Amino acid sequence: MVPADPGGGLMRTDLLLTPVTGLDEALAAVDGFDEALVSGLLRPRPDRAAGLAAFAGALAGTPLATRTAEATARTAEGSSGEDDYLALAGARTALLGSVHDALTERITEATGRGPAEATSPAGTGTPPPANLLAAARSWLADLARAGWTGLDHDTIAASAPVVSALLPDPSLRRLATLIDGFAAELAATGPGTAADRVPARRWADLWARAMLLTVPGAVTAPATETVTGRLLPLGVDLHEHPTAVQAQVHAVLEPADGSTPRLVRAAASAPKPDTVVGAGLWQLLRPRMSLLAALGDGLSMDLDAMPVTAEGDLIWSDGHARAGQPADPFVTARVVLPTAADAFTAPLDRHPVRIAVPVFLEGYTAHQEDDGLVFTVAGQPLAVDTDRVPAAGPLTPEAVAASGACLALLRWDAGAYRLQPLAVEATVRKKTVVLHGGAWAGGTTDKAGARAEKAATDAVAVLRERAGRLLRK
C-alpha cells in the first residue's frame, strides 16, 4: 500500500473500483424491505409487495429462506406479528452482513493484509429478564406496524417507560441507549413525516439492530484476553455529538511474544455541554486515557496485560500502560502496517457502515471534482471525505489537498470506497510537514488550539458555577 517504498506493499486501488458481484442486488433487496417499513407493515401498500417479494428472494438458498418467505407472505397479507418482524430484522441484518463481508474481502485483497480472525472465545453473561426484552420488542413492533410516515406522539412516547425499565440493568443499557436515541430522533423529526424526508436506510438499521438485541443471549459481556507488547498509534477518529464526544485511537499492537502484529482500537468517551467544541474537546477526554497524551507527543505505549476483546477493542486502563519511545505514525504505516492482521468483526456488527480500515497511501495526486476531493492513486481515482476532518486539530481539508502521503481510514459510503484522512505529509518550502488530526490531543502550543482550549475552559467554568448555584438552591 506504499507505492513509493520498494520495501512496502502496493495497495491495489483498481480492486476497490471493480464492481462486487451481487452487491447492487443485495442492497436493492434491502431497499425493498426498507420502503415497506416507511409506510408500515400492518397493511403494506400494494406497490410495496414487489419489494417484499424481492427481499425474500434474496434469501433463497440460505438457512433463513423458509422463515423469511413465511414472514414476508404474512406481512404482505397484513397478518404478521412480532415473531415475523424479528425474522425480517434478522434476514435484513444477514443481507447487510453479506455486503459487509464482500466489501471487507475486497479491502483485504487490495491491501494484501491477513484476513481477520477471532482471537478469543465468545462472551458470556446472565440472560436479562425476558419481560423487559418483550416490552422493548413490543414497542419496536408498534413502530413497524405504523411505519415512519404513520407514527404519532403517543407511539413514540411509549418508549419512555421501556427505557426506564431497561436502564437499571447493565446488560440492557446498550439496548436502552439505542431505543432512547432512536425515539428522540423520531420525535425530533416529527410524527407524520413526509416520505421524501425519511432516512429510510438509517431508521431501518436502528430498528433492525434494536429488534435483534431483544433476543435473549444476543448481548453478552465481551470475551477478553490480555495482551502485552508495544502499541504504535496511527491516528485518532473523533466522534462529536452535541452532548457527548468520543476519541477512537487506531493503532498497531506488536505483541511481546513476537507473534503477528494486529490492528487494535482504544476509545475514550465523555459527556459534554454543546458549548464545548473544537480543540476544547480534548480537555474532556485527556483525563480518561493516557494514550491521548502519548498520541499528541508522538510516543508509543508499552502495554502489560491490557484487556482486549476479540474485535480488537482495548479495554483501556492506565494501570496497564506506560509511555514508551518516540513512534512516528508514518514510519509505523510504512514498516509495520503492511504486516498487521486486520481486526475481527463480531457477527452482529457486520454492516457496511462499520467498515473503517487503516490504510496508507503516497505518491498520489490530488484534485477537486464537483463531488469533492479525489486522490488519483496508481491511475485510479479514490474519493476523499474531507467533511470528516475534525476541527479539533491542525489537519485541514486544504492540507489534505496539498499532501503527498496520507494515513486514512478506508470506509464505504454512498456506494463507493472513500478515504477519511487521519494525518498527512506535505512539502512546504522544501520541507516535509506532518499534520495529525489528533496532534492537539495531549495539549498544544499552537495559537489557534490554545485559544480554543481556553474558551472551552471558560465555558466549562461558567457552567459549573451555574450548576453549583442551582444545587445550592
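The values are calculated or read from the model by the stated rules, or taken from the named source; none is laboratory data. Keep in mind that what you see is a predicted model, and the values were worked out from it rather than measured. Note that each Cβ is placed from the backbone with ideal geometry, even for glycine, and that neighbours are counted across all protein chains shown.
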Exercise. How many residues are farther than 22 Å from Ala87 by Cβ and not in a loop (DSSP other than H, G, I, E, B) if we restrict to region 197-225?
Worked result: 4
Exercise. Do we find a residue being part of a helix (DSSP H, G or I), at pLDDT 95 or above and among the β-branched types (Val, Ile, Thr) anywhere in region 139-151?
Worked result: no
Exercise. Exactly one of (1) in a strand (DSSP E or B); (2) of a type in the set (Ser, Thr, Tyr); (3) under 30 Å from Ser259 (Cα atoms) is unmet by Thr376. Its number?
Worked result: (3)
Seminar exercise, completed: Going through region 399-431 in order, the residues found to be in contact with an Asp or Glu (Cβ under 6 Å, 6 or more places away or on another chain) and not small (Gly, Ala, Ser) are Arg418, Gln420
Exercise. Would you pick out the residues in region 419-447 that are surrounded by 13 or more Cβ atoms within 10 Å (Cβ to Cβ) and over 21 Å from Ser403 (Cα atoms)?
Worked result: Ala441, Gly442, Gly443, Thr444
Exercise. How many of the residues in region 312-334 are surrounded by fewer than 16 Cβ atoms within 10 Å (Cβ to Cβ) and out of contact with any Gly (no Cβ under 9 Å at 6 or more places or on another chain)?
Worked result: 9
For this session: State all residues of region 379-435 that are acidic (Asp, Glu) and either under 16 Å from the mean Cα position of the chain (by Cα) or part of a loop (DSSP other than H, G, I, E, B) (or both); if no residue qualifies, say none.
Result: Asp385, Asp387, Asp413
Exercise. Yes or no: Val335 closer than 15 Å to Leu253 by Cβ and out of contact with any strand residue (DSSP E or B) (no Cβ under 9 Å at 6 or more places or on another chain)?
Worked result: yes
Exercise. Given the structure, is Leu337 over 30 Å from Ala270 (Cα atoms), modelled with pLDDT of 90 or more, surrounded by 15 or more Cβ atoms within 10 Å (Cβ to Cβ) and within 22 Å of the chain's Cα centre (by Cα)?
Worked result: no
For this session: Restricting attention to region 233-256, report how many residues are out of contact with any helix residue (DSSP H, G or I) (no Cβ under 9 Å at 6 or more places or on another chain) and at pLDDT below 95.
Result: 5
For this session: Might you check whether a residue that is in a strand (DSSP E or B) and in contact (Cβ under 8 Å) with a residue 12 or more places away in the chain occurs anywhere in region 168-189?
Result: no
Exercise. Given the conditions (1) of a type in the set (Gly, Ala, Ser); (2) more than 23 Å from the chain's Cα centre (by Cα); (3) not in a strand (DSSP E or B), which single one is not true for Ala305?
Worked result: (3)
Exercise. Does Leu88 meet the test of being more than 19 Å from Thr149 (Cα to Cα), in contact (Cβ under 8 Å) with a residue 12 or more places away in the chain and within 28 Å of the chain's Cα centre (by Cα)?
Worked result: yes
Exercise. In region 31-50, which residue that is in a loop (DSSP other than H, G, I, E, B) and not small (Gly, Ala, Ser) is surrounded by the most Cβ atoms within 10 Å (Cβ to Cβ)?
Worked result: Leu41
Seminar exercise, completed: Within region 60-73, residues farther than 18 Å from Glu35 by Cβ and buried (at least 17 other Cβ atoms within 10 Å of the Cβ) come out as Leu64, Arg67, Ala69
Exercise. Of these, Ala414, Ala391, Ala378, which one is touching a helix residue (DSSP H, G or I) at 6+ places or on another chain (Cβ under 6 Å), loosely packed, with under 15 Cβ neighbours inside 10 Å and at pLDDT below 90?
Worked result: Ala378
Problem set entry | Breaking point among (1) of a type in the set (D, E, K, R); (2) surrounded by fewer than 16 Cβ atoms within 10 Å (Cβ to Cβ); (3) in contact with a strand residue (DSSP E or B) (Cβ under 6 Å, 6 or more places away or on another chain), for Asp302 | (2)
